[in-house]
1. What are the pairs, 6+ residues apart or on separate chains, where a residue within the range 212-227 that is free of Cβ contacts under 8 Å to residues at least 24 places away in the same chain has its Cβ under 8 Å from a residue that is open to solvent by 50 Å² or more (accessible area, probe 1.4 Å) and of a type outside the set (D, E, K, R)?
2. Return the residue satisfying two criteria in turn: it lies in the range 104-122 and is under 21 Å from K197 (Cα atoms) and free of Cβ contacts under 8 Å to residues at least 40 places away in the same chain, and of such residues it is most open to solvent (accessible area, probe 1.4 Å).
3. Within the range 217-260, can you find the residues that are open to solvent by 20 Å² or more (accessible area, probe 1.4 Å) and on the phi > 0 side of the Ramachandran plot?
4. Can we say A165 is hydrophobic (A, V, I, L, M, F, W, C), buried (at least 16 other Cβ atoms within 10 Å of the Cβ) and either in contact with a Lys or Arg (Cβ under 9 Å, 6 or more places away or on another chain) or at pLDDT 95 or above (or both)?
5. Against the conditions (1) at pLDDT 95 or above; (2) hydrophobic (A, V, I, L, M, F, W, C); (3) within 16 Å of ligand 3 (Cβ to nearest atom), where does A33 fall short? Just the number, please.
6. What are the residues in the range 187-208 that are at pLDDT 95 or above, closer than 16 Å to I173 by Cβ and more than 12 Å from ligand 3 (Cβ to nearest atom), if any?
7. Evaluate the range 107-124: report whether one residue or more is within 23 Å of A232 (Cβ to Cβ), of a type in the set (D, E, K, R) and not in a loop (DSSP other than H, G, I, E, B).
8. Of the conditions (1) modelled with pLDDT under 95; (2) open to solvent by less than 20 Å² (accessible area, probe 1.4 Å); (3) hydroxyl-bearing (S, T, Y), T125 satisfies every one except a single condition; which number is it?
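The values are calculated or read from the model by the stated rules, or taken from the named source; none is laboratory data. The structure displayed is predicted, hence computed values, not measured ones. In this analysis, Cβ positions are derived from the backbone assuming ideal geometry, glycine residues included, and neighbour counts consider all displayed protein chains. What goes into the accessible areas is simple: the full protein's heavy atoms, side chains included, and nothing from ligands, DNA or RNA. Shrake-Rupley method; radii C 1.70, N 1.55, O 1.52, S 1.80 Å.
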Amino acid sequence: SKHSGRSTFSWYTAEMDADAQRRKEIEEGLAKALRLDQFEVLFQPQYALRDNRLTGYEALIRWEHPVKGKIPPDLFIPVAEDCGLIEDIGDWVLNHACQEAAKWDDQTLKVAVNVSAAQFKAGVTERKVAQALRTSGLKPERLEIEITESLLIANTEAVVETLKAIRNMGVAIAMDDFGTGYSSLSYLSRFPFDKIKIDKAFIQNLGHDPSTDAIVTSIIGLGRSLDVLITAEGVETENQVTLLRAAGCHLVQGYFFGKPDSVRAHEQNRARKEAD
Ligand code: C2E
Ligand code: CA
Ligand code: CA
Ligand code: CA
């Protein structure tokens, strides 16, 4: 429809107001959600390609809103980061994930927890990790922290020191969403990562675009020569698995292998498949 300049302006204003209103609602709901126990953690399996063995799970938060239903993390995590609530929510996820993993039947499985740049606090995060391990009794070797490049853009000495301190406890550090930032390669030489997760945007183009194939193959080669494990995330098809296996990728995660769910549900699925 046609708008005069003025009505176009007010239309945009209304749009922005609606957005601001939605954020405000989410913000108010988030504080309550923590108190009322509306968050949940689901787990998505990760497999080693070499022997098709389950190696662990990534913990992914879910918000079950009493009125609005399930609210995806991409909608509320950015709001939580802006209003500062990400610290409390992050603490809750870290502790909850460690406590669950400490109770799993298979005590060799790892648990990966996302820590966003906004929640990461030099000097503080290492104490929180240590405390979560102590309270849960989880062995440090079973915990992995997923960070993104945005944390390293500032590249302060304090951030690097905190990451090293966490790593010295025996906890692994993974670089998430690799390839989507600006100067990924320089971070690799400045910090000793244990794992790199290739962003799902690349994996989803595998086999359809020669330059994507070349980029993924190079990242895997880079990981192999730096002695860093490579995880492909967002793996949805058999063809992607075949290409990743041929390229020498270590680990895979994606809907092809399993969606985020309770660990009990994953175990029942596997038992059913073995019985087939
Ligand atoms: P992420 O860390 O990159 O997590 C991977 C996302 O990809 C998850 O979305 C997962 O469900 C989805 N995914 C996995 N396999 C596939 C696939 O084969 N195809 C497609 N299309 N998607 C797949 P989810 O759970 O909605 O989380 C979105 C983002 O929210 C996460 O991206 C992460 O940045 C953030 N997030 C989730 N949980 C937490 C948390 O506990 N703490 C923090 N700080 N951030 C979190
Ligand atoms: Ca992640
Ligand atoms: Ca990711
Ligand atoms: Ca992401």
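1. T212/N205
2. The selected residue is T108.
3. Answer for the range 217-260, where residues must be open to solvent by 20 Å² or more (accessible area, probe 1.4 Å) and on the phi > 0 side of the Ramachandran plot: just D227.
4. Numbers: hydrophobic (A, V, I, L, M, F, W, C): yes; buried (at least 16 other Cβ atoms within 10 Å of the Cβ): yes; either in contact with a Lys or Arg (Cβ under 9 Å, 6 or more places away or on another chain) or at pLDDT 95 or above (or both): yes.
Yes, satisfied.
5. All conditions are met except number (3).
6. Selection gives D194 alone.
7. For the range 107-124, residues within 23 Å of A232 (Cβ to Cβ), of a type in the set (D, E, K, R) and not in a loop (DSSP other than H, G, I, E, B): present.
8. All conditions are met except number (1).
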